[in-house]
Amino acid sequence: MKKIKSIKILLAVAISGLSLASNDAEAQEKFFRAVGTPHNPKVEIAFNRYYTYEGLVDNMKKIAAAHPNLAKLESIGKSYEGRDIMTLTITDFSSGKDTDKPGMWIDGNIHSNEVQGGEFSLYGAWYLTEMFADNEFVQQLLKDKSFYITPTINPDARNNYFLEPNTAHSPRSGMMILDNDGDGEAGEDMMDDLDGDGHITMMIRKSPTGRYIKDPQDPRKLIMVAADKVGEYEMLGQEGTDVDGDGRVNDDGIGYYDPNRDWGWNWQPDYIQRGALKYPFTLPENRSVMEFVMKHPNIAGAQSFHNSGGMILRGPGAEEDVSTYNRDDIRIYDALGRKGEEMIPGYRYLTVYKDLYSVFGGELDWFYGVRGVFTFSNELMVPYLYFNKESGGQNEQFSVDELLTMGDAFVNWKEFEHPQFGTVEIGGFKKNFGRLHPGFLLEQDAHRNTAFTIYHAYHTPKLSVMDVKEDELGGGLKSITATIFNERLMPTHASQDLKYKIERPDYVTISGAKVLAGFVVEDEDFNKVKEQKNSPEKIAVDNIPGMTGVKVKWVVSSGANYSITVDSAKGGKASWKKNK
């Protein structure tokens, strides 16, 4: 019986191998590889569409199942409505633990209507795992680095955006229902989808005192008449009704709070920073991210995906925080951000407080201010992508709808008998147009933004031990000097990290030798050193700057065969061994 069972197992393995070979052969026969793209992916994901929370998680599970040596899936916490905050850890686990390597945090969709951060984050996880088999750069990258990818940190309201009536701008928050209009009641005037198409568009009404007419050449457009002319239509605003009788439509729905004003750095209460809640990390989603990051001191870089406007943003969020960002760190931000401008057409590298608006209690500033992590927030989608030129405005949107989306982005005007306004017309651009990429632009921009994030991760520290020298001192003593070199742009400790001693020092340890004294070499030419009197075999180094190194020195009385190891929280590990 056991023999028959063994034969069955062997047959199953053989058939599986034949199936894989058949798939490879079929791919070879039917497809020709495009440069920079997985040729025959184990997991097929279409990146010309958007996914609900369940769709994202399903794809994440497929990635983890197909690449068990590269991807691990876990829940890092629960959302307000009890959904799991799902995170993929991506690294080459055969080369070491993820926490022993410099880490890159990636998230999306903190604002629920800014959904494509979910697809962009998912693309990064898919691309890294699928390219690993054939691409030497990705193989080395995952040997050296770890990626922590959380496509949505607002899963509840992500689904609400897709599945319930909304505008392009709603909901921005999570799913807590608060008293937005200050009348003592919560959620009594929600979005009202009068025509039942899932989109909250606009309402117009014929009026003898109207200021607008429909464009004779394009009846989708409303154009304002001259100052001395009378139009045919008046604008009524959003599609909906005034349920609570306060003279405003759809004014007490989900929200109004802002999940990106909830972080524990430079946090301000709601009367100063509109959208803040009771205290930092009121929201369970943000608290889950915070706790994960605090447990992963190896995270050295971070990227958050928002929309829209085509921006690569760095902090500070508020002018009051300018002194937090040291000149040395800004130099690194500038090098990365300007490279991003080259990689992502139409995107601009900007500083939040001076180029956008003031933000207190933002995620970006928390990562840098509290953890010393170099962090960007990309505002995805920019009109430049439509026709590869600087333009924008509503007229361009009409052209895009006519020429590129074949009328799929606009709800044509149609009459409706409104219970309060009488006969109106409902129409306008759909919620999934404008801030969101059309499907044909989604994968291209996802790839470029992922490439920028990979570039950022690549420049987290990479340490090596080099130029080890021995000098005989006489009396059976010798000195051993080693250079610890950082091969990348980013230091092992940002200036903010050093200022507040956020992370422990880097440790350089010699083993296999009897150590009498240990030093950090401050100037080798003038023999200027700083002695570490306690535990001299394990030298604490405050920081290893990018693209340069530090020197350490020991005086030893024995040790023909010895080894040197480096252990850095954000810089990973490195080692060197002498064998005589």
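The values are calculated or read from the model by the stated rules, or taken from the named source; none is laboratory data. The shown structure was predicted, so the numbers you read here are calculated from the model rather than taken from an experiment. Virtual Cβ from ideal backbone geometry, glycine too; neighbours counted across all protein chains shown. When the accessible area is computed, the model is the full protein with side chains, heavy atoms only, and any ligands, DNA or RNA have been set aside. Shrake-Rupley method; radii C 1.70, N 1.55, O 1.52, S 1.80 Å.
Does SER304 count as within 22 Å of GLY340 (Cα to Cα), open to solvent by less than 50 Å² (accessible area, probe 1.4 Å) and out of contact with any Ser or Thr (no Cβ under 9 Å at 6 or more places or on another chain)? Walk me through how you get there before you give the answer.
On the way: within 22 Å of GLY340 (Cα to Cα): yes; open to solvent by less than 50 Å² (accessible area, probe 1.4 Å): yes; out of contact with any Ser or Thr (no Cβ under 9 Å at 6 or more places or on another chain): no.
Criteria not met by SER304.
Residues in the stretch 234-245 that are touching a residue at least 40 places away in the same chain (Cβ under 8 Å) and open to solvent by 10 Å² or more (accessible area, probe 1.4 Å): how many? Explain how you work it out, then say what you get.
If we filter the stretch 234-245 for residues that are touching a residue at least 40 places away in the same chain (Cβ under 8 Å), which is where we start, we get 236, 238-244.
If we keep only those that are open to solvent by 10 Å² or more (accessible area, probe 1.4 Å) too, we end up with 236, 238, 241-244.
Number satisfying all stated conditions: 6.
From the set of residues in the stretch 274-313 that are assigned to a helix (DSSP H, G or I) and not hydrophobic (A, V, I, L, M, F, W, C), which is farthest from the chain's Cα centre (by Cα)? Lay out the reasoning, then the answer.
Going through the stretch 274-313, the residues assigned to a helix (DSSP H, G or I) turn out to be 284-294.
Checking the rest, the ones that are also not hydrophobic (A, V, I, L, M, F, W, C) come to 284-288, 291.
Details: PRO284: 19, GLU285: 15, ASN286: 14, ARG287: 17, SER288: 16, GLU291: 17 Å.
Checking each candidate, the answer is PRO284.
If you go through the stretch 38-59 one residue at a time, how many are buried (at least 17 other Cβ atoms within 10 Å of the Cβ), modelled with pLDDT of 95 or more and part of a loop (DSSP other than H, G, I, E, B)?
Count: 7.
Can you tell me which residues in the stretch 493-532 are β-branched (Val, Ile, Thr) and under 18 Å from ILE564 (Cα atoms)? Spell out how you get there, then give the answer.
Filtering the stretch 493-532 for residues β-branched (Val, Ile, Thr) gives 502, 508-510, 515, 520-521, 529.
Residues satisfying the conditions are VAL508, THR509, ILE510, VAL515, VAL520, VAL521.
In contact with a His (Cβ under 7 Å, 6 or more places away or on another chain) and farther than 30 Å from ASN486 by Cα - does that describe any residue in the stretch 142-153?
no
Out of TYR257, TYR271, TYR279, I need the residue that is among the hydroxyl-bearing types (Ser, Thr, Tyr), open to solvent by 50 Å² or more (accessible area, probe 1.4 Å) and touching a residue at least 12 places away in the same chain (Cβ under 8 Å). Which one? Break it down into steps so the answer makes sense when it comes.
Values: TYR257 fails: open to solvent by 50 Å² or more (accessible area, probe 1.4 Å); TYR271 fails: touching a residue at least 12 places away in the same chain (Cβ under 8 Å).
Just one listed residue meets the conditions, TYR279.
Residue by residue through the stretch 82-107, note down the ones that are of a type in the set (D, E, K, R) and touching a Ser or Thr at 6+ places or on another chain (Cβ under 7 Å). Walk me through how you get there before you give the answer.
Initially, the stretch 82-107 is screened for residues of a type in the set (D, E, K, R), giving 83-84, 92, 97-98, 100-101, 107.
Of everything in the stretch 82-107, those that are of a type in the set (D, E, K, R) and touching a Ser or Thr at 6+ places or on another chain (Cβ under 7 Å) turn out to be ASP84, ASP98, LYS101, ASP107.
Give all pairs with beta carbons closer than 6 Å in which a residue from the stretch 350-368 that is under 26 Å from ASN298 (Cα atoms) meets a residue that is of a type in the set (Lys, Arg) and open to solvent by 10 Å² or more (accessible area, probe 1.4 Å); count only pairs at least 6 apart in sequence or on separate chains.
THR351/ARG314; GLY361/ARG261
Which of (1) of a type in the set (Val, Ile, Thr); (2) within 21 Å of GLY546 (Cα to Cα); (3) assigned to a loop (DSSP other than H, G, I, E, B) does ILE332 not meet, given it meets every other one?
Of everything listed in (1) of a type in the set (Val, Ile, Thr); (2) within 21 Å of GLY546 (Cα to Cα); (3) assigned to a loop (DSSP other than H, G, I, E, B), ILE332 misses just condition (3).
Please name all residue pairs, on different chains or six or more residues apart, with Cβ atoms under 7 Å, provided the first residue is in the stretch 128-141 and is in contact (Cβ under 8 Å) with a residue 24 or more places away in the chain and the second residue is open to solvent by 40 Å² or more (accessible area, probe 1.4 Å) and in a helix (DSSP H, G or I).
Hits for this filter: PHE132/GLN139; LEU141/TYR458.
Taking only the stretch 462-479 into account, find how many residues are more than 14 Å from VAL508 (Cα to Cα) and open to solvent by less than 40 Å² (accessible area, probe 1.4 Å).
Going residue by residue through the stretch 462-479, those that are more than 14 Å from VAL508 (Cα to Cα) are 462, 467, 469-479.
In the following step, the residues that additionally are open to solvent by less than 40 Å² (accessible area, probe 1.4 Å) were identified as 478-479.
The number of residues fulfilling the criteria is 2.
When the residues of the stretch 314-337 are narrowed to those that are of a type in the set (A, V, I, L, M, F, W, C), open to solvent by 20 Å² or more (accessible area, probe 1.4 Å) and in contact (Cβ under 8 Å) with a residue 24 or more places away in the chain, which ends up farthest from ASP156 (Cα to Cα)? If you could, list the steps in order and put the result at the bottom.
Taking the stretch 314-337 first, the residues of a type in the set (A, V, I, L, M, F, W, C) are 318, 322, 330, 332, 335-336.
Imposing the further condition that a residue be open to solvent by 20 Å² or more (accessible area, probe 1.4 Å) reduces the set to 322, 330, 335.
Of the ones still in play, those that are also in contact (Cβ under 8 Å) with a residue 24 or more places away in the chain are 322, 335.
Numbers: VAL322: 34, ALA335: 36 Å.
The extreme case among them is ALA335.
Between VAL249, VAL230, VAL225, which is in contact (Cβ under 8 Å) with a residue 40 or more places away in the chain and β-branched (Val, Ile, Thr)? Break it down stepwise before answering.
Values: VAL230 fails: in contact (Cβ under 8 Å) with a residue 40 or more places away in the chain; VAL225 fails: in contact (Cβ under 8 Å) with a residue 40 or more places away in the chain.
When all the criteria are applied, what remains is VAL249.
Among the residues of the stretch 195-210, which ones are in contact (Cβ under 8 Å) with a residue 24 or more places away in the chain and either of a type in the set (Gly, Ala, Ser) or not in a strand (DSSP E or B) (or both)? Walk me through how you get there before you give the answer.
Let us first name the residues in the stretch 195-210 that are in contact (Cβ under 8 Å) with a residue 24 or more places away in the chain, namely 195, 197-207, 209-210.
Those that are in contact (Cβ under 8 Å) with a residue 24 or more places away in the chain and either of a type in the set (Gly, Ala, Ser) or not in a strand (DSSP E or B) (or both): ASP195, ASP197, GLY198, ILE200, THR201, SER207, THR209, GLY210.
In the set MET311, MET290, MET294, which member is in contact with a strand residue (DSSP E or B) (Cβ under 9 Å, 6 or more places away or on another chain) and open to solvent by 10 Å² or more (accessible area, probe 1.4 Å)?
That would be MET311, the only listed residue that is in contact with a strand residue (DSSP E or B) (Cβ under 9 Å, 6 or more places away or on another chain) and open to solvent by 10 Å² or more (accessible area, probe 1.4 Å).
Please go through the stretch 533-558 and give me each residue that is crowded, with 17+ Cβ neighbours inside 10 Å, in contact (Cβ under 8 Å) with a residue 60 or more places away in the chain and either of a type outside the set (A, V, I, L, M, F, W, C) or in contact with a Phe, Trp or Tyr (Cβ under 6 Å, 6 or more places away or on another chain) (or both), ordered by number.
Those that are crowded, with 17+ Cβ neighbours inside 10 Å, in contact (Cβ under 8 Å) with a residue 60 or more places away in the chain and either of a type outside the set (A, V, I, L, M, F, W, C) or in contact with a Phe, Trp or Tyr (Cβ under 6 Å, 6 or more places away or on another chain) (or both): GLY546, GLY549, LYS551, LYS553.
Quick check on this structure: which one of GLY340, GLY264 is outside any strand (DSSP E or B), open to solvent by less than 40 Å² (accessible area, probe 1.4 Å) and more than 20 Å from PHE147 (Cβ to Cβ)?
Working: GLY340 fails: more than 20 Å from PHE147 (Cβ to Cβ).
Just a single option satisfies the conditions, and that option is GLY264.
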